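Participant: Got a structure for you, written out below as structure tokens; questions coming shortly.
Laboratory data are not the source of any read-out in this text; all were calculated from the coordinates shown. Note that this is a predicted model, so its numbers are computed, not measured. Note that we place each Cβ from the backbone using ideal geometry, even for glycine, and neighbour counts take in every protein chain shown.
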Amino acid sequence: MLRQPLKILATACTILALIFNVYIFTYPSLFPFQCSWRCKGSQVRADLQDFSLAEKTLYYAKQYGLDVLSQWKRQKGEEALDSRDIHMLALGDPQIKGNWQNTPLIKRLDTFGNDYYLGHIFSMMRTRLNPQFVAVMGDLFSSQWIGDSEFFNRTARLTSRVLKRNPAWLYDIRNGSKDMNGQYQVDWVSFADDLPEHMSKTPIDFQFGYENVYAWNPVEDDYLLINITGNHDVGYSGDATFQHMARFQELFGKDNYWIEYDADTEHAWRIVVLNSLLLEGPALQDEFLDITWEFLYQLFERRFNGSTVLLTHVPFYKEEGICVDGPYFSYYPEDYPREPYKANLLRSQNHLSQGVTKRVLNLIFDNEKPGVILTGHDHEGCETFYNKDPKTAEWFASKKPQLSNYYIKEITVKSMMGEFNGNAGLLTGHFNVLHKRWEWSFSLCPFSIQHIWWFTKVITILSGIFLSLLVVL
Ligand SMILES: *[C@@H]1O[C@H](CO)[C@@H](O)[C@H](O)[C@H]1NC(C)=O
Ligand SMILES: *[C@@H]1O[C@H](CO)[C@@H](O)[C@H](O)[C@H]1NC(C)=O
């Protein structure tokens with residue numbers, strides 16, 4: 001008697017599960033233009049204005065089908081990509097959360113699932129696009145107010161669940177640096193002791209620079225992973241302590257560095273990773289600001305003659321109305337009993353200040369070669385142009401480029417969080433041989449809100465259960 005309804009239920013669930021699984025495993029094919037590297041001679045999008053609904057549906061269905069097919073062929077190695085281009089995947093603000101002792105079960109489940117939701121986006125992009133560079137745009141975690149053990153645990157989750165990397169080396173670090181309970185504890189005292197005290201007196205070699213690095217560990221990786229500091233990882237400059245910086249550097253690497261590629265050729269270019277949290281204050285530890293500025297001066301002194309991709313977390317100054325976030329600074333109050341040592345320090349900022357923006361742009365883009373800036377922080381995403389006035393050497397932001405001037409495009413990468421539809425940013429660099437210059441283009445590949453992913457997982461499990469019940473009963 002139960003068999004008939006169970007059969008209907010199993011069939012319905014299985015059909016739904018199939019549809020949704022096909023969707024989540026082929027979603028980039030629905031947006032083949034946004035979800036592919038920009039390549040030479042790539043098709044222009046057709047103008048569908050005069051199409052009827054049926055024609056449009058047919059057009060999109062065909063486009064989807066062709067893309068699925070070409071992906072399948074590519075994975076079988078039948079279609080090679082133009083390997084001279086630069087392909088960088090940019091992941092905006094994942095902000096993975098954590099659990100506290102009193103976190104309810106349903107929230108724990110949500111946090112757990114969210115890791116795999118983000119991991120799904122990364123795996124899809126990686127398989128489809130084969131990026132040479134993967135940059136996580138800062139705010140890897142959701143809070144700067146966590147202890148070392150929690151920081152470690154989230155790093156391990158990000159490594160294994162989101163980025164699908166082997167976290168074994170993390171546990172080695174923990175074995176060498178733990179507290180009485182065996183939990184990770186960073187040795188920030190040694191870190192602080194190693195910091196030079198009198199920056200201005202002797203030029204110090206911080207080893208900020210690299211050359212032609214395509215993987216930190218070429219045996220294990222076929223792409224270069226770039227971690228960028230966000231305010232939730234190390235804090236704003238009023239929060240950032242030795243502890244914050246020591247553990248970030250131990251588990252995620254340097255916060256400021258450059259990598260030059262093919263220097264002294266006509267197609268030279270470089271990546272600049274900048275910790276924009278530690279450029280202005282009032283800061284808790286002024287030495288951090290000194291180091292960041294020292295980095296920028298040393299970078300400037302390179303007199304690099306190529307194009308620049310600047311990767312940083314906090315966007316540059318722009319007036320209200322250009323992006324979702326307008327200019328905003330806040331400071332700890334004079335009277336702050338909870339943490340009195342933070343009185344008047346920088347508490348948060350939406351952008352860099354106007355003065356710092358000008359100084360940084362002048363130090364990095366002084367050669368007036370084409371370049372591009374990727375940032376995170378505001379979650380909503382935005383594209384802005386920084387135009388340099390040739391007479392006054394002032395930079396001003398606008399929504400459209402001022403073609404007569406030298407300008408740099410800043411892309412605020414939309415967040416990969418579910419609330420923002422799980423975006424991935426695709427930056428393509430193409431060297432135009434005719435004009436002897438790099439051309440940068442960017443697109444956003446959207447997935448969908450996390451509920452769709454959740455639904456797919458749940459319905460798949462349900463259909464599995466119903467189908468096995470049918471067999472058993
Ligand atoms: C981190 O993970 C370890 C091992 O799972 C656990 O014992 C520890 O309590 C976690 N730390 C925090 C702060 O939850
Ligand atoms: C970036 O962070 C990951 C941990 O998720 C780590 O495996 C990798 O080595 C880090 N990169 C650098 C340059 O340290």
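Participant: Are there cysteines in the chain with no second cysteine's Cβ under 4.7 Å away, and if so, which?
Facilitator: Result for the chain is Cys13, Cys39, no neighbouring Cys Cβ within the cutoff.
Participant: Here is a follow-up. Relative to the longest principal axis of the C-alpha atoms of the chain, give the angle of the C-alpha long axis of helix 286-301, reported between 0 and 90° and rounded to the nearest 10°.
Facilitator: The angle comes out near 90 degrees.
Participant: Do the sum for the chain: with -39,500 (n - 2.57) for every DSSP H run of n ≥ 4, divided by all residues, what is the mean residue ellipticity at 222 nm, to the nearest 500 deg cm²/dmol?
Facilitator: Details: 11 runs with 163 residues, N = 473.
It comes out at -11500 deg cm²/dmol, rounded to the nearest 500.
Participant: Would you pull out the residues with amide H under 5 Å of Leu224's amide H, same chain only if 5 or more places away, H placed 1.01 Å from N?
Facilitator: Amide H neighbours of Leu224, under 5 Å, 5+ apart: Phe133, Val134.
Participant: Against the longest alpha carbon principal axis of the chain, how many degrees, from 0 to 90 and to the nearest 10, is the axis of helix 354-364 turned?
Facilitator: In the chain, helix 354-364 runs at an angle near 90 degrees to the longest axis.
Participant: Oh, and also: Evaluate E = 1/(1 + (r/R0)^6) for Asn175 and Asn432, where r is the Cβ-Cβ distance and R0 equals 56 Å; express this FRET efficiency to the nearest 0.05.
Facilitator: Details: r = 50 Å, r/R0 = 0.90.
According to the calculation, E is roughly 0.65.
Participant: In debye, nearest 20: dipole of the chain around its Cα centre with unit charges on the Cβ of K, R (+) and D, E (-)? Write down the numbers at each step before the final one.
Facilitator: Working: 45 positive and 55 negative charges, 434 e Å.
So the dipole magnitude of the chain works out to roughly 2080 debye.
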